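J.: The structure's right below; bear with me while I get my questions together.
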Amino acid sequence: MITVQGLQAGYGKLFVLNDISHTFPKGEFTAILGPNGSGKSTLLKSIFGITSVFSGKITIDEKNLVGVPTEKISSYGIAYIPQRQNIFTGLTVLENLMLVTRKYPKAETQRLLAEINELFPILMKRSSQPAGQLSGGERQMVAIALGWLLKPQVMLLDEPSAGLSPRFAIEVFRVLQQLAHQGMTLIVVEQNARRVLDWCEKVCILREGQIVFTGTAEECRNDEHTVKNYLGVYSHKTI
């Protein structure tokens, strides 16, 4: 469980987040929504230790994360998948995966690769292909698979559907929903509310560095004021 209390954070002397408090329960898929510049990505980066935290607390299962080096935060069971530069394009798909699995015994590696084949069937079909030749959706699946191989409790994803075709976006969200059902906590920044609200359980909307809405995906859809004023959609029926 990730808990954020009274968080003020940003970059250098620039404040981006102002008094953010929210709890992300274990095993839930939470979408972070809001207009550009609202602080969505900054929230993820603050959890992962790559912003300036001016005040407040961030904890995972009551263990403090503020001021902890990023490499140690990873050891607490948190994986961060940025929007760009999230795979090694000069390596094949399998070589990307083996960078993580090489730390496991051979039998464990084979078991994990078999599970990846179930989660991402297309990746094993592309195993010998250079990752730089994959489509955008396939690259995103490699990035998620790399994060999953770290066996995290929590996965932070920044715009996983950006630039993807509707078909691949659905496939990415299907996999994320499946990971949440397996007990992983997912905190996912998204621009496309129409897509993610069909898959996530909870919603947290930011505007100008502050939380303006929290609730279930269904509550968000049915809140006309929220949909119109914070998501830029004029009727929840269009989501």
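J.: Looking at the chain, which longest stretch skips every one of the GluC sites (Glu not before Pro) that is in a DSSP loop with at most 15 other Cβ atoms within 10 Å, leaving the sites themselves out?
T.: 63-207
J.: With a probe of 1.4 Å, find how much accessible area the stretch 70-199 has per residue, and write the answer as a whole number in Å².
T.: 46 Å²
J.: If you filter the stretch 1-108 for trypsin sites (Lys or Arg not before Pro), then keep DSSP loop positions with at most 16 other Cβ within 10 Å, what is left?
T.: 13, 26, 84, 102, 103
J.: For the stretch 115-121, in order, what is each residue's ³J(HN,Hα) by Karplus, 6.51 cos²θ - 1.76 cosθ + 1.60 with θ = phi - 60°, in whole Hz (x at glycine and Pro)?
T.: Taking θ as phi minus 60°, the curve returns 5, 4, 4, 6, 6, 10, x Hz for the stretch 115-121.
J.: Which percentage, to the nearest 5, of the DSSP beta bridges contained in the chain is antiparallel?
T.: Values: 23 of 40 bridges.
In the chain, DSSP labels about 60 percent of beta bridges as antiparallel.
J.: Also, I was wondering about something else. If the cut-off is a Cα-Cα distance under 30 Å, which lysines reach residue 151, setting aside same-chain residues fewer than 8 apart in sequence?
T.: Here the lysines satisfying the reach criterion relative to residue 151 are 26, 40, 45, 57, 63, 72, 103, 106, 125, 202.
J.: For residue 13, go through the aspartates and glutamates and keep the ones whose alpha-carbon is under 19 Å away, minus same-chain ones fewer than eight residues off.
T.: 208
J.: OK, next. Determine ³J(HN,Hα), in whole Hz, for all residues of the stretch 198-211 in sequence, where each value follows from phi through the Karplus function 6.51 cos²θ - 1.76 cosθ + 1.60 and θ = phi - 60°; x replaces Gly and Pro.
T.: Computed from phi, the couplings for the stretch 198-211 are 7, 10, 7, 9, 10, 9, 10, 9, 10, 8, 6, x, 10, 7 Hz.
J.: Per the 1.4 Å probe, what fraction of the accessible area of the chain, in percent, lies on carbon and sulfur atoms?
T.: 50 percent
J.: Let me ask another. Report, in deg cm²/dmol and to the nearest 500, the calculated mean residue ellipticity at 222 nm for the chain, where each DSSP H run with n ≥ 4 adds -39500 (n - 2.57) and the sum is divided by the residue count.
T.: Using -39500 (n - 2.57) per qualifying helix, the result is -10500 deg cm²/dmol.
J.: Further question on the same structure: Would you give the gap between the C-alpha center of the stretch 137-215 and the C-alpha center of the stretch 6-32, rounded to a whole Å?
T.: 16 Å
The values are calculated or read from the model by the stated rules, or taken from the named source; none is laboratory data. The structure presented is a predicted model; accordingly, all values stated were derived computationally and were not measured. A quick note on method: Cβ atoms are made from the backbone with ideal geometry, for glycine too, and the neighbour counts reach across all protein chains shown. Quick note on the areas: whole protein, heavy atoms, side chains included, nothing else; ligands and nucleic acids left out. Shrake-Rupley method; radii C 1.70, N 1.55, O 1.52, S 1.80 Å.
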